[in-house]
Amino acid sequence: MQIEFFTALTSVGIEGDLAKTVIASLERTLLMQINQAVQPVIQRMDSLEAVISAKLDALVTVRSREDLERERRLQLIRWTVGTGVGAIGSTLGVLKLFGWV
């Protein structure tokens, strides 16, 4: 596009250096207008990203609590079963010691 625009400017009698300056100025102006136009979109995307990130953090926290609760229950079951087996083993050992089994 720059070459076509440069050719068009020089074909109507504008010198090469001036044509380059006009093209550079037009590019800067277009870039500024594009940046201004997309700024609200970028801000909206940033705010949505923050909301999504907060929701994901909350979800991970909930999942972590559920995992911790599940692990606590499993530990309680293991402890109960282990204690029961130990108590039965101890009882049988004492009974055998006294010759009652």
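The values are calculated or read from the model by the stated rules, or taken from the named source; none is laboratory data. The structure displayed is predicted, hence computed values, not measured ones. Glycine also receives a Cβ, built like all others from the backbone with ideal geometry; neighbour counts cover every protein chain displayed. All accessible areas refer to the heavy atoms of the entire protein, side chains included, with ligands and DNA or RNA removed. Shrake-Rupley method; radii C 1.70, N 1.55, O 1.52, S 1.80 Å.
Values as computed for the structure displayed
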{"item": "Test result for Leu9, more than 39 Å from the chain's Cα centre (by Cα), open to solvent by less than 80 Å² (accessible area, probe 1.4 Å) and free of Cβ contacts under 8 Å to residues at least 24 places away in the same chain", "result": "yes"}
{"item": "Residue check, Ala37 among the aliphatic types (A, V, I, L, M) and either surrounded by 10 or more Cβ atoms within 10 Å (Cβ to Cβ) or closer than 30 Å to Val101 by Cα (or both)", "result": "no"}
{"item": "Pairs where the first residue, in segment 48-74, is modelled with pLDDT under 90 and the second is charged (D, E, K, R) and not in a helix (DSSP H, G or I), C-beta under 7 Å, 6+ apart", "result": "none"}
{"item": "Residue satisfying condition, being under 35 Å from the mean Cα position of the chain (by Cα), among the aliphatic types (A, V, I, L, M) and open to solvent by less than 90 Å² (accessible area, probe 1.4 Å), within set Val22, Val62", "result": "Val62"}
{"item": "Hey, Asp17 modelled with pLDDT of 90 or more, open to solvent by less than 100 Å² (accessible area, probe 1.4 Å), among the charged types (D, E, K, R) and in a helix (DSSP H, G or I) or not", "result": "no"}
